[in-house]
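Input: a single structure, listed below in structure tokens.
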Amino acid sequence: PKTMTTRFFPAYPWDKSSLKSMPVDLQQFKKLDAYALKVDVKNSVEELVKALLKQARTDLEKVRAIWMWICHHIEYDVVGYHNKSQLSSKPRDVLQMGKSICEGYAELFEQMCSIAGIQCKKLSGHAKGHGYKTGQTFTGDSDHAWNAVYLEGRWHLLDSTWGSGSVDDSFTKFTYRYNEFYFLTHPALFINNHFPDNSNWQLLKPTLTLKEFENNMLHNSNFYTLGLLAAHPETPIIQTVNGKASVSVDCRAGTLFMFKLKGTDEQGLMTLRKHGMKLDIYPQKTGSHKLEIFAKPFKAEASDDVYKCVLEYVVECESVDKAMRFPKELHQPVGPSWFSERQGFLRPSQRQPVLHTNDGRCSLTFTLGRDISVLSSLHADGSSLPEDVGRRHVMQIHRGNQIELKVHLPHAGSFVLKLYSKKKSDPGNYDYVFNYLIRCLNTEVKWPAFPQSYSKWMQDYEILEPLSGLLPANRNVHFKLKMHGIAKVLVQADDTYPLTHNRGCWEGTCNTSGCTEVFVMVHENANHSFYSHVLKYEVESQ
């Protein structure tokens, strides 16, 4: 064989331009791939290679045909793995049995290449594969085998075992699931989970030490295939500082994320950014916790994409920040993002996920996309806010294509403000879009709900006063309401009080003595005697 001219690849960091170590046009392989899958020759390795090469001209095509055939015809031998004495990795036996462990895949690959006249080596080393535990060390003999092939003047890496599929957690069942990622993987990405016994075969300069390999973050193939670029921190074990740990991911635009800490997403605050996400974790128990990060592409039409695990950390928590307990109702991600923007909530006045208020009131404005109708509600832990009441602690005011949401909190604590939308032209239900976390520490706070409104209360009407849905007893209360297109307005208490029209507002005073409820009613047409209820206020009991 030629002397090994290892042209090294540029070392860290990976230049993000390609996942492969040479330009590969997968479209051009379509016909060849389909042909290779159909080849059905089991009597000898030589015959098999001969059949495969009928459609392959270049060395790259020959390697591709061999790769495709092995990945789809040899399954991982889970039984043999547990009982190695019965196991042969000889290419002839692997072909006959149709199954093997990594050793057999690599030897079959090497022999098939050799028959095809292509230089190929079997490599062995440590892999962060099945059964790998975050942050573990590697000792003793190597535990995995893969190949290097010589194409177009340099060496390239591939792993047909991992290209063929995966084994379940109990290591009893193999599932064919082809993985393109492990075909001619860029060495800077291959090193992520393959550490060869001979460091020259990293094909990197400078090479990594075993210690660095152990400490490096494991990005699985999903991480790269989903177009993710980097994650911070770059080590898999994170210590909390004052009860908090932070993780961020950089990616190409339009990726959705979720996370699980010990299986739930309740102990964190994730925000979505145009090119990634940021996550602050506040474990509510000390100890070591597994943190998994999932991602999926956002495509408006294909919502069937599932979230795939892309990163795993271990969060070591020494102290708990009890103040950062989040309400159960809080949904991830929190706060506005490109996602809420696509759903028609533009130019949010509050860009951060958490709103702090001292007097228990806050206000948010958005510009709404065309044809968008909005619903909002306030939620808290416990039974303090039944759903119908939660809706009445938020008041929606429309001015042209702007919407203002005024929030009055019923008491101190942590609340979730949820926003829903639908197209006005759609008859169906409202869809949840996003939420904010609202915090108030001031225990004096005790705002009543806003008045209840009825269907005749138009969305561009506005209450200027009284905003409180609870009126004092035995008082004169001043009303000022912005309404248009009506003939008369009455306030119905124990007596009936007409409001007068002045510059787009209806104003007047009513007395609350002798009643428990006050209604605002409108006459839509001066000729009709029929009034419609538009608002209802409660009156404080004596």
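The overall shape of the stretch 129-255 is rounded: from the C-alpha gyration tensor, with semi-axes ordered a ≥ b ≥ c, the ratio a/c is less than 1.5.
Pop the C-beta distance of Lys84 and Leu218 into the FRET formula with R0 = 25 Å and round what comes out to the nearest 0.05. Taking R0 as 25 Å, the efficiency between Lys84 and Leu218 is 0.45. Viscosity 1.002 mPa s, temperature 20 °C: give me the Stokes-Einstein translational D for the stretch 415-520 in µm²/s, with Rh taken as the Kirkwood radius over C-alpha pairs. D = 129 µm²/s. Isolated cysteines of the chain, defined as having no other cysteine beta carbon under 4.7 Å away, are Cys71, Cys102, Cys251, Cys309, Cys317, Cys362, Cys440, Cys505, Cys510, Cys515.
Entry note, the chain: relative contact order of 8 percent, from Cα contacts under 8 Å with a spacing of 6+ residues. With both labels modelled 7 Å from their Cα along Cα-to-Cβ, the Asp431 to Asn179 distance reads 3.2 nm. When a 1.4 Å probe is rolled over the protein heavy atoms, the share of accessible surface on the chain that falls to carbon and sulfur comes to 49 percent. Projecting the Cα positions of Ser383, Phe479, Leu272 onto the charge dipole of the chain (unit charges on Cβ atoms of Lys, Arg, Asp and Glu, taken about the Cα centre) puts Leu272 furthest along the positive direction. Annotation: per residue accessible area for the chain equals 49 Å², rounded to a whole number [probe 1.4 Å, protein chains only]. Which part of the stretch 463-497 falls in the paramagnetic zone of Ser513, meaning amide N under 18 Å from the point 7 Å along Cα-to-beta-carbon? Once the point is set 7 Å along Cα→Cβ of Ser513, 471-478, 492-497 turn out to lie under 18 Å by backbone N, inside the stretch 463-497. Checked against a 22 Å cut-off, the cross-linked pairs Lys133/Lys299; Lys423/Lys536; Lys211/Lys244; Lys244/Lys278; Lys62/Lys173; Lys262/Lys322 give Cα-Cα distances beyond that limit for Lys133/Lys299; Lys423/Lys536; Lys211/Lys244; Lys62/Lys173. Computed extension gain for His331 through Lys482, at 0.36 nm per residue and net of the alpha carbon distance, reaches 50.9 nm.
About its Cα centre, the chain has a charge dipole of approximately 1060 debye under the convention of +1 per Lys or Arg Cβ and -1 per Asp or Glu Cβ, with nothing else charged. Close amide-amide hydrogen proximity is noted between Lys99 and Glu75, each under 5 Å apart and 5 or more residues distant or on a separate chain (H modeled in the peptide plane; Pro and chain starts excluded). The label-point distance for Glu47 and Asp169, in a model that sets each label 7 Å from Cα toward Cβ, rounds to 4.4 nm.
Per-residue ellipticity at 222 nm computed for the chain from its helices equals -4000 deg cm²/dmol, with DSSP H segments shorter than 4 residues left out and the rest contributing -39,500 (n - 2.57). Within the chain, the ratio Rg/Rh, alpha carbon atoms throughout and Rh by Kirkwood, equals 1.16.
The values are calculated or read from the model by the stated rules, or taken from the named source; none is laboratory data. None of these values were measured; they are calculated from a predicted model. Positions of Cβ are generated from backbone atoms using ideal geometry, with glycine treated the same way; all protein chains shown enter the neighbour counts. What goes into the accessible areas is simple: the full protein's heavy atoms, side chains included, and nothing from ligands, DNA or RNA. Shrake-Rupley method; radii C 1.70, N 1.55, O 1.52, S 1.80 Å.
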